[in-house]
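Only one structure is covered here, and it is reproduced in the block below.
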Amino acid sequence: MLEDDGVQPVLRTRWARRWAGVVLLLMLAWTVAAWALNQHQYRERVERTVRAATAQAQARQALVEDGLRNGLAQLDGVAHMLTRLPTVRHAVTAAGPGAQTSQEPTELLRSVLQAQPELASMNDFLASSADELGADLIYLRDDQGNCVASSDAGTATSIVGQHMSDPVFFAQTRDRHAARLFAVGHSTGIAGMYFSASIYEQGTFIGAVFVKRNTRALAALVGHEGAFVVDAMGVVIMSQDPRLLLRALPGARAGSLTPAQRESLYVTQQLAPLRIQPWDEAMAPALQRIGDDPVPQVLVRHHMDRDELDVYVAEPVPQLENLARDRAVNFALLALAGIGLIALGAAGLGGWRSRRSVLNAVERIGHANRKLSVEVAERQRAEAALRESREYLLVHEARLRALLRSLPEQVWMKDRAGAYLAVNAEFERFLGLSEAEVLGKTDSQMAGWAKADHY
């Protein structure tokens, strides 16, 4: 076997064990590098996807803001347009001094106002104007905040005869000449946006026009799914998703209002929070998780200073689920490809090393075979020479015997010890012994042979 010749199998050598450790370390290092590379590629793909979604959300936000601004301006324009009509300007003072009217009970004042022909005609005019101009409610208040005419006159929830319900909003209308407010109607219980414009006569405030657009109708101003509008208090007041309406954003100012103030503005004393949480701050800080929606979303915001509103547009990014799924597959493929190449390279190098070991062993075996062949040849030559010498000796021995036996005298040969080596026929005759009885013996050994007396 090769081991007998000092050659070990490749897998049992010290070099092989060391090389196997190096290969395993290379595979482990490549796996770590593949993970890092895959993470980097995944992060780049997420960033590209988020950038594209952000650009799309910003484009939609611009469209929503333009549509909202135009819609709000249109409703503002309705209120301002009505203040310029002589019939409207006259109607706000038709009930008489506001201070006196404020003392009348609402039901009694309503019946008195609706009985006046001028105000009855104004109610009809406001009703038709609301239908034609896209408003849900149009009404007039005098200088003390009493409602003297309304488009909902004659209905069960009519606000005709209603006294001032929101002194702050009324004061803003009077002082700023125009105002906006999101609130819930005290009579209807329907939330909406109120637009107001003041009426001045020779510098004296005599009343105001109010236009209301209900929340459901305001959702049309948003126009895009995923878009919603937040008022100055941080409450969602416009959205095509009804689940978002009247939800308070994290840190909303509405939390600092008293329960009664929240109820007057938003119907309820407690506003449900709208949870907005980071999806993955480390991987994609721009992505948010809104409410219970599991899909990450890009949320862009723009503040409308003049309107004191914030426009939000959420753009879902469902592609991240595919990217996350592809990340695991790509990592596995990348890691396996690298490990396969390392294994092939290691096998190739190991095969080369094994081939070198085998070639060295074969070379040593060949050298040993050549050496053995030389020794065998020399031994064969020696045996041949020995056979020749033996044959030569046999021939000469035969010749010597023939010569000895032909001599007429006794002839014998002894070694140093005195033992007979050869005798001739005359010696055998003289002693009466055969050659076989004499060879190898000394004279002392033959001293008592049987025929000694004969001689």
Among residues of the stretch 210-266, those that are of a type in the set (Lys, Arg) and part of a strand (DSSP E or B), counted: 2
Right, Ala149: small (Gly, Ala, Ser) and within 17 Å of Gly96 (Cα to Cα) or not? yes
Give the residue, chosen from Gly345, Gly338, that is surrounded by 10 or more Cβ atoms within 10 Å (Cβ to Cβ), under 23 Å from Leu26 (Cβ atoms) and touching a Ser or Thr at 6+ places or on another chain (Cβ under 8 Å). Gly338
Can Arg247 be described as buried (at least 16 other Cβ atoms within 10 Å of the Cβ), among the basic types (Lys, Arg) and closer than 19 Å to Tyr42 by Cβ? no
Report, by residue number, each residue of the stretch 109-146 that is under 58 Å from the mean Cα position of the chain (by Cα) and part of a helix (DSSP H, G or I). Ser129, Ala130, Asp131, Glu132, Leu133
Mind checking whether some residue in the stretch 370-387 is at pLDDT below 80 and either within 30 Å of Ala33 (Cβ to Cβ) or not assigned by TED's automatic domain parsing to the domain that holds Glu435 (or both)? no
Every residue in the stretch 188-203 that is surrounded by fewer than 19 Cβ atoms within 10 Å (Cβ to Cβ) and either among the polar types (S, T, N, Q) or assigned to a strand (DSSP E or B) (or both), please. Thr188, Tyr200, Glu201, Gln202
Quick check: anything in the stretch 104-126 closer than 22 Å to Leu218 by Cβ and modelled with pLDDT of 90 or more? yes
For residues in the stretch 381-408 being basic (Lys, Arg) and under 17 Å from Leu421 (Cα atoms), which is surrounded by the fewest Cβ atoms within 10 Å (Cβ to Cβ)? Arg399
Mind checking whether some residue in the stretch 314-334 is in contact with a strand residue (DSSP E or B) (Cβ under 6 Å, 6 or more places away or on another chain) and closer than 30 Å to Pro259 by Cβ? yes
Hey, any hits in the stretch 195-215 for a residue that's touching a strand residue (DSSP E or B) at 6+ places or on another chain (Cβ under 7 Å), hydrophobic (A, V, I, L, M, F, W, C) and at pLDDT below 90? no
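The values are calculated or read from the model by the stated rules, or taken from the named source; none is laboratory data. Just so we're clear, the structure is a prediction, and the values are computed from it rather than from any experiment. Counting neighbours? That spans all protein chains shown, and the Cβs are built from the backbone with ideal geometry, glycine included.
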